[in-house]
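**Student:** Following this message is one structure expressed as structure tokens.
The values are calculated or read from the model by the stated rules, or taken from the named source; none is laboratory data. In this text the structure is predicted, and so the values were computed from the model without any measurement. Cβ sites come from the backbone with ideal geometry, for glycine too, and all protein chains shown count toward neighbours. Only protein heavy atoms, including side chains, enter the accessible area calculation; ligands, DNA and RNA are left aside. Shrake-Rupley method; radii C 1.70, N 1.55, O 1.52, S 1.80 Å.
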Amino acid sequence: MQINTLILGAGAAGMMAAAHAGPGVLVVDHAKAAGEKIRISGGGRCNFTNTGTTPAQFLCQNPHFAKSALSRYTHWDFISLVSEYGIAWHEKTLGQLFCDNSAKDIIAMLHAEMDKAGAQLWIKTDVGDISHDGTRFRVTLTRDGKQTQVTANNLIVATGGKSIPKMGATGLAYQIASQFGIEVITPRPGLVPLTFSDDKFKPLAGVATPIRVTTGDTSFEEAMLFTHRGLSGPAVLQISSYWQEGERITVNLIPGANLLDDLKETRRTAGRKALSNILSMHLPGRLVDFLKDDLNLQGNIADQSDAQLQTLCDALSTWPLQPAGSEGYRTAEVTLGGINTDELSSKTMEAKSVPGLYFIGESVDVTGWLGGYNFQWAWSSGWVAGTAI
Ligand code: FDA
């Protein structure tokens with residue numbers, strides 16, 4: 001079978017590229033349906049983009065690389081497409097856009113776009129040997145136990161990263177890259193809950209509180225959730241992409257509050273109240289109980305000197321924590337690292353050393369923050385590769 005473009009992976013990036021790559025496109029995926037991660041994303045409502053998208057919300061060894069694709073196919077372009085299809089959406093917080101109804105609306109839209117472009121889709125299809133004779137790619141595909149040799153002028157690799165193997169993630173893109181001598185930056189889980197060695201937060205499982213969390217020069221101010229295994233919630237997922245094994249994180253449990261002034265005022269007006277009870281008005285009660293011994297939360301607030309209150313506030317705003325690791329690819333929303341962007345054209349995503357070979361989406365060393373940025377990267381990188389063909 002001879003075609004113009006073979007796309008491996010019918011996820012967000014692959015479907016977007018298929019809709020724009022012109023005639024003679026076949027998209028293949030080993031999953032039972034296209035866009036499985038879209039279907040489960042955003043709690044089933046798909047946080048499909050972010051109105052504040054700029055290159056600053058992406059991690060990449062070359063911070064300039066994502067600029068071109070993000071500016072050529074912007075979040076406004078995707079919002080227009082969604083609106084064209086009459087898909088109702090709403091903004092939650094921090095510019096995050098979600099479908100009103102279901103993530104399935106986005107998948108249906110991408111199917112419609114692929115149909116409009118005449119792209120063929122094969123699901124439940126395994127990808128076998130890949131070779132290149134200098135001009136064309138030859139790929140062995142197996143569907144329903146039947147092998148097909150496909151010859152294509154262009155090969156777009158859109159098989160994503162390693163996150164959530166249960167959903168079909170395989171790391172195939174990295175194998176293809178290494179076959180063609182293209183460098184891969186060591187992949188690692190991102191947007192992932194952090195774990196702690198001694199189950200120390202088990203008694204707090206289920207407690208959520210707003211925090212500011214910092215590692216190195218990077219901070220996020222959002223909610224944190226204690227789990228049976230450690231810490232999660234948006235703030236922790238965000239910082240996990242910046243955290244390196246062995247490093248500490250610092251948690252400010254009282255971000256934005258002037259707790260010291262509040263405590264001094266309470267000491268003046270209600271000095272007989274227990275310090276721990278007062279603190280429970282500012283923090284979840286179970287967290288205060290948990291911290292009681294470490295912070296020596298004893299006696300009435302009237303017993304506390306200015307210096308003691310200051311020490312308490314300092315401790316609450318600079319709680320040092322040493323994660324043992326992360327929950328890994330099993331629950332990570334994304335994979336950091338991937339195809340080194342030095343190997344790709346930022347305008348087209350084509351490999352510099354292998355004409356006709358493209359890498360898009362999560363397979364590439366471009367990883368967004370939580371909040372719709374990763375889908376925007378999939379749309380933008382898929383669009384630039386598709387329209388380049
Ligand atoms: P994606 O992983 O979507 O697609 C890759 C495709 O390749 C899959 O269909 C897979 O089956 C196929 N494939 C892999 N290996 C193969 C092989 N060997 N042979 C054949 N096919 C193969 N982002 C965001 O912006 N907003 C959100 O709300 C969310 N929510 C979210 C929730 C959860 C639970 C997860 C895990 C992730 C998110 N994300 C997200 C991240 C987002 O889903 C992710 O960044 C994009 O799906 C990446 O798109 P790609 O097309 O690059 O890969």
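**Student:** Compute and list, largest first, the equivalent-ellipsoid semi-axes of the chain from the alpha carbon gyration tensor, each √(5λ) rounded to a whole angstrom.
**Tutor:** Over the Cα atoms of the chain, the ellipsoid semi-axes are 48, 20, 17 Å.
**Student:** Also, I was wondering about something else. Express the accessible area of the range 25-107 per residue in Å², computed with a 1.4 Å probe while the remaining protein chains stay in the model.
**Tutor:** Working: 3740 Å² over 83 residues.
Heavy-atom accessible area per residue stands at 45 Å².
**Student:** Continuing with the same structure: Just to check I understand the Karplus step: with θ = phi - 60° and J = 6.51 cos²θ - 1.76 cosθ + 1.60, what whole-Hz values come out for the range 349-364, glycine and proline as x?
**Tutor:** Result, ordered by residue: 6, 7, 5, 5, 8, 9, x, x, 9, 10, 10, 9, x, 5, 5, 8 Hz.
**Student:** I've got another one for you. Just how many pairs of Lys in the range 166-302 have C-alpha atoms closer than 28 Å, counting pairs that are eight or more places apart or on different chains? Display every interim value, and only then the final one.
**Tutor:** Details: K166/K202; K200/K292; K202/K292; K264/K273; K264/K292; K273/K292.
Here the count comes out as 6.
**Student:** Something else: Give me the tail of P(r) for the range 309-387 as a percent: Cα-Cα pairs with distance above 22 Å. Let's see the in-between values first.
**Tutor:** Details: 1393 of 3081 pairs.
Every Cα pair in the range 309-387 considered, those over 22 Å come to 45 percent.
**Student:** In addition: Pairwise over distinct Cα atoms, reciprocal of the mean inverse distance: report the Kirkwood radius of the range 71-135 in Å, one decimal place. Intermediate values should be presented prior to the final figure.
**Tutor:** Values: mean 1/r = 0.0676 Å⁻¹.
Hydrodynamic radius (Kirkwood, Cα only) of the range 71-135 equals 14.8 Å.
**Student:** In degrees, nearest 10, range 0 to 90: what is the angle between the Cα axis of helix 306-317 and the longest Cα principal axis of the chain?
**Tutor:** The helix 306-317 is inclined about 20 degrees to the chain.
**Student:** List the residues whose amide H sits under 5 Å from the amide H of A21, counting only those 5 or more places along or on another chain, with H placed 1.01 Å from N in the peptide plane.
**Tutor:** none
**Student:** What residues have an amide H closer than 5 Å to that of N47, excluding those fewer than 5 places away on the same chain, when H is modeled at 1.01 Å from N in the peptide plane?
**Tutor:** G42
**Student:** At a 1.4 Å probe, what is the % contribution of carbon and sulfur to the accessible area of the chain? Before the final figure, lay out the partial values.
**Tutor:** Details: 8020 of 16730 Å².
Using a 1.4 Å probe with all protein chains present, the chain comes out at 48 percent carbon and sulfur.
**Student:** Which residues make up the longest stretch of the chain that has no GluC sites (Glu not before Pro) in a DSSP loop with at most 14 other Cβ atoms within 10 Å?
**Tutor:** Working: sites that count: E183, E245, E247.
After excluding every exposed loop site, the longest remaining stretch is 1-182.
**Student:** Could I ask something else about it? Short version: ³J(HN,Hα) in whole Hz for each residue of the range 126-139, in order, from phi by Karplus 6.51 cos²θ - 1.76 cosθ + 1.60 (θ = phi - 60°), x for Gly and Pro, what are they?
**Tutor:** 8, 9, x, 4, 10, 9, 9, 9, x, 10, 10, 9, 10, 10
**Student:** Report Rg(Cα)/(2.2 N^0.38 Å) for the range 179-314, keeping two decimals.
**Tutor:** Working: Rg = 18.5 Å, N = 136, 2.2 N^0.38 = 14.2 Å.
My calculation over the Cα atoms of the range 179-314 gives 1.30.
**Student:** Accessible area per residue for the range 200-345 in Å², computed with a 1.4 Å probe and the full protein assembly in place, what is it? Let's see the in-between values first.
**Tutor:** Values: 6870 Å² over 146 residues.
I get 47 Å² per residue for this part.
**Student:** Using a Debye calculation, one point per C-alpha and no hydration shell, please list log10 I(q)/I(0) for the range 1-107 at q = 0.17 Å⁻¹ in order.
**Tutor:** Computed log10 I(q)/I(0) values: -0.96.
**Student:** Beyond 20 Å between alpha-carbons counts as too far, so tell me which of K67/K162; K116/K352; K32/K146; K37/K162; K116/K347 fall in that bin.
**Tutor:** Numbers: K67/K162 24 Å; K116/K352 30 Å; K32/K146 16 Å; K37/K162 12 Å; K116/K347 25 Å.
Beyond 20 Å: K67/K162; K116/K352; K116/K347.
**Student:** Let me ask something additional. Taking only Cα atoms, what is the 0 to 90° angle, nearest 10, from helix 259-269's long axis to the longest principal axis of the chain?
**Tutor:** Helix 259-269 sits at roughly 30 degrees to that axis.
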